[in-house]
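First up is the structure itself, then whatever we jot down about it.
The values are calculated or read from the model by the stated rules, or taken from the named source; none is laboratory data. Worth saying up front: this structure is predicted, and the values here are computed from it rather than measured. All Cβ positions, glycine included, derive from the backbone under ideal geometry; neighbour counts span all protein chains shown. Surface areas here come from the heavy atoms of the whole protein model, side chains and all, with no ligands, DNA or RNA. Shrake-Rupley method; radii C 1.70, N 1.55, O 1.52, S 1.80 Å.
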Amino acid sequence: MSMRNRVLLGAAAVGVVTAGLWACGSTGRSGPSLSAADAASAVYVAPGEYDEFYAFMSGGFSGNLTVMGLPSGRLLKTVPVFSQFPENGWGYSEETKAMLQTSYGFAAWDDAHHPELSMTDGVPDGRWIFINANNTPRVARIDLAEFETKEIVEIPNSAGNHGSPFITPNSEYLVATSRFSVPVPNRDMSISEYTGNFKGMLSFVRADRAGEMDVAFQILVPGYNYDLAHAGKGPSDGWMFFTSYNAEEAHTLLEVNASKRDKDFIAAVNWKRAEECVAQGNARSMPARYVHNVVGDDHVARSELKESVTVLEPASCERLVYFLPTPKSPHGVDVDPSGRFIVAGGKLATVIPVHSFEKMIQAIEEEEFEDVIDGIPVLEYDEIIAGEVQDPGLGPLHTEFDGRGYAYTTAFISSEVVKWRLEDFTVVDRIPVYYSVGHLMIPGGDSREPWGKYLVALNKMTKDRYLPTGPELAHSAQLIDISGDKMKLLLDFPTMGEPHYAQALPAELLMEKQVKLYRLDENTNQYAVKSEADTRVTRNGRRVDVYMTAIRSHFAPDNIEGIEVGDTVYFHVTNLEQDWDVPHGFAALGMETAELLIMPGATRTLTWVPTRVGIHPFYCTDFCSALHQEMQGYVRVSPRGSNVPLAWGTGGALRSQPVAAQ
Amino acid sequence: MRRFVKLGLLFAAGALLSACGGAADVDDADSDAVTSSAAADGLTAFEREHGIGPIKQPVELGEPDATLASAGEEIFRMKCTACHRVEERYIGPALGNVLERRSAAYAMNMMMNPTEMTQRHPVAKGLLAEYLAPMPFQDLTEQDARAIVEYLRTVADSAASAQAAAQ
Ligand SMILES: [Cu+2]
């Protein structure tokens, strides 16, 4: 609480300073449309200053996460997660390859959609951010002290991991849903036999212990498409809400065939009840194949194959799942800060339905069910609805909250953000966005205590907003000021990949914990060398290990001879620096992979199989000092079977390993 | 030509450093540090003799401490040998008899505060102009630096006894 007050006070102080700076020229920020000068001043971050908030934007089909400042919209960093990233060797270096391992093998790419911050007591705490892989179902943990992906767990019995990784108020679990229902267990069968054979799966992943993410249990549900989710909070803590569409169980031309019914379902899952059922032995253990990848204390990622998973069926665990009928093909499901209202975004609905948690519990207690499907009672719409927001725009998708009693919903088809009051479900303001907005994000806007100052609209279409760049255009985000009665558009900014969803934190929550370097004396990489005296080259058959160091501004060794065409050469490079902001890089002529970027005190390994005879220069790729251009070396590659002895050195005669030792 | 390029880069780097830290003055970086007048360098008499940094008092070395020296040797191996040799010039100066040239406090300040030392202290500035490779910050604690000094004492001793034996 006091932490939060401090942050808010900090924000107020920044506001005062900004106001002071601009007092001379500004005419104030009144009225629905800002003058260009006022909008510019509202997003101006002076040279050397930090943004007030930092947004973690999903990279969509880039598979990564980008960090952008708010209100400036400046790109700060890309954090590689599910896709190989040659800029720093992610997924190429021996230390990171295991992170992209899956039960299908090495996956060089994925599609990342929803960043989700860890929470304590329903409020983002800045420890970690999680993100899902859609295509090959996985969830990743990124440590916000290092801005580095530390852990990835695969989700078995699932396909199209879209509704993920939404988290419970104390980060106990994050969820993963199967957007595509598939046979469980998956098997060879006719697609036409979908009904009854294809199943959905709602997975709960233990998330609150770093390095120990695990699929705690899965819930087998009817073969619909499970789309998005959000956890209950406050009175509704202990529940998780999932949207679904395709209650028709169509398996072809869903555009038509999954849009027939006027209502689909939100699945309300009592996860504390699930814990009870698992503890009482009502779940079964199912064979499954999925991997868990973790970066260890030695900064080396390892992959473990898991072979069974715990599955619960609603029929054998009463009071676990209820269906809430919801119009029509709902997409987002969002829980307001009080935890009392469950807001659905019905893609094809003409209203925004708002369910009441209190009424839902009452209906459950009174057993007012209109149907039971596979052991799941279906509640009656009229008994649980708190209200419907009329005239919400066309194609309402997602809702976030400002913590002052207002909700903001995106309308995809009519390209607008609609502001409405939770008290009476009445629209009070609307603002056009450019164009076709999907998610929106208010810092902390899905939490118990939003920082309700800015809203970011994440748009799917860009068209004319930027200089055209051929057929492919940058996706667009827009920053909207929501601090007053009327929403005000402040800024457009292009994003990386597809800005599917984002979350954001005040800078203060990130600042203090940042790791500046890794201590050399704590480097436990088995190939680390901590002194130039220990640098060496060894051969074992066709395998050559180069134990190398880097410091401003030389490598040791920087002359290497005795390598042969077809050898597998491992360059283990340890950065001996112990200062902030001094990485070194490494690349050699003809490498077919990536560079290495080695942080101070760390060791990274790149594998190289030379294919040509000749001298191969290598160099430091990260401009590190005035003598950076001098930071280079040579590898001599000889024909296979040559008798050039293995030899290495820096600044003097080469040391060597006798040919006989090969 | 080659030398010209190097110096240009160095000046550019110096300008960047002073822009961030604000401590050094750009004119200083360009001037001939060794010949600049003592009064103009803005240093106290202590700083001129013992360097600028966390060590504010002369360091009493006392009786040699073999345990401390061997701890210092370990740290020296890890954090210093990429650039320094005992007997010979390498990236930086040979350190075998450094304690004859500098006080223990000076050596410790140089180890712990190399950036400011090479920006502001006339001797360190002169060395940077000569060697051209700025000494990197290696995150040494005061205990680390003291241990390295103890190790350098033993190196000086063995160099002296080697010399004596040779005569
Ligand atoms: Cu370098």
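Some notes on this structure:
- When the surface is traced with a 1.4 Å probe over the full set of protein chains, B:ARG101 keeps roughly 110 Å² accessible.
- Heavy atoms of A:SER656: accessible area, 1.4 Å probe, square angstrom to 10: 70
- With all protein chains modelled, accessible area of B:LEU152 [1.4 Å, Å²]: 10
- Per residue of A:618-629, other chain Cβ atoms within 10 Å of the residue Cβ number 3 on average.
- Chain A - percent of accessible surface contributed by carbon and sulfur, probe 1.4 Å: 52
- In order along region A:163-170, phi translates into HN-Hα couplings of x, 6, x, 6, 10, 7, x, 10 Hz, rounded to whole numbers, per the Karplus curve 6.51 cos²θ - 1.76 cosθ + 1.60 with θ = phi - 60° and x for Gly and Pro.
- Counting only alpha carbon atoms, the long axis of helix A:2-22 and the longest principal axis of chain A meet at about 80°.
- The stretch between A:VAL378 and A:ASN197 holds 63.1 nm of extra length on full extension. This uses 0.36 nm per residue minus the Cα-Cα distance.
- Loop-located GluC sites (Glu not before Pro) in region A:51-140, at most 13 other Cβ atoms within 10 Å (DSSP): A:GLU87
- Exposure ranking of A:VAL294, A:VAL418 by accessible area [1.4 Å probe, largest first]: A:VAL294, A:VAL418
- Förster radius 60 Å - calculated FRET efficiency between A:ASP579 and A:THR469, Cβ distance, rounded to 0.05: 0.95
- Between region A:92-130 and region A:605-633, the Cα center-to-center distance that results, in Å: 31
- Formal net charge of residues neighbouring A:ARG319 (Cβ-Cβ distance under 10 Å; K, R +1; D, E -1): -1
- Per-residue Karplus couplings for region A:507-518, computed as 6.51 cos²θ - 1.76 cosθ + 1.60 with θ equal to phi - 60°, are listed in order as 3, 4, 6, 9, 4, 5, 8, 5, 7, 9, 7, 9 Hz, Gly and Pro entered as x.
- Mean-position separation - Cα centroids, region A:483-525 and region A:328-388, in angstrom: 34
- Accessible surface buried once A binds B (1.4 Å probe; total of both sides; Å²): 1700
- For A:ASP429, the residues whose modelled amide H falls within less than 5 Å of its own, excluding neighbours fewer than 5 places apart on the same chain, are A:LYS419.
- Number of partner chain Cβ atoms within 10 Å, mean per residue of A:598-605: 1
- At a probe radius of 1.4 angstrom, the accessible area of chain A per residue rounds to 38 square angstrom.
- Sparse packing (at most 12 other Cβ atoms within 10 Å of the Cβ) combined with a DSSP loop state is found for the following trypsin sites (Lys or Arg not before Pro) in region A:176-256: A:ARG187, A:ARG209.
- Taken one residue at a time, the phi angles of region A:396-413 give Karplus couplings (6.51, -1.76, 1.60, θ = phi - 60°) of x, 10, 9, 10, 10, 10, 9, x, 10, x, 10, 10, 10, 10, 8, 10, 5, 6 Hz. Gly and Pro are set to x.
- Legend: residues A:ASP371, B:ASP139, A:ASP558, A:ASP297, sorted from most to least accessible area (1.4 Å probe; ligands, DNA and RNA excluded), read A:ASP297, A:ASP371, B:ASP139, A:ASP558.
- For chain A, calculated [θ]222 nm from helices alone, where every DSSP H run of n ≥ 4 adds -39500 (n - 2.57): -2500 deg cm²/dmol
- In this structure, B:GLU142 and A:SER656 have a Cβ-Cβ separation that, at R0 = 45 Å, corresponds to a calculated FRET efficiency of about 0.65.
- Leading residue at positive end of dipole, region A:516-659 (Cβ point charges), from A:ILE560, A:ALA594, A:THR650: A:ILE560
- Spin-label model, A:GLU249/A:ALA145: points 7 Å from Cα along the beta carbon direction are separated by 5.0 nm.
- Here chain A is scanned for chymotrypsin sites (Phe, Trp or Tyr not before Pro) in DSSP loops (not H, G, I, E, B) that have at most 14 other Cβ atoms within 10 Å, and the longest stretch holding none of them is A:105-465.
- Taking each residue as 0.36 nm, the span from A:GLU388 to A:THR611 lengthens on full extension beyond its C-alpha to C-alpha distance by 73.5 nm.
- Listed by chain and number, the lysines placed with their C-alpha closer than 19 angstrom to that of A:LYS306 are A:LYS97, A:LYS150; residues fewer than eight positions away on the same chain are left out.
- Counting only other chain Cβ atoms within 10 Å of each residue's Cβ, the peptide A:547-556 averages 3.
- Amide H contacts of A:PHE412: A:LEU397, each under 5 Å away and 5 or more positions distant or on a separate chain (H built 1.01 Å from N in the peptide plane; Pro and chain starts excluded).
- B:SER158, A:SER329, A:SER62, ranked by accessible area, largest first (probe 1.4 Å): B:SER158, A:SER62, A:SER329
- Selection of GluC sites (Glu not before Pro), region A:538-642, meeting DSSP coil and at most 14 other Cβ within 10 Å: A:GLU592
- Amide H contacts under 5 Å for A:HIS500: A:SER58, A:GLY60, restricted to partners 5 or more places along the chain or on a different chain, H placed in the peptide plane at 1.01 Å from N.
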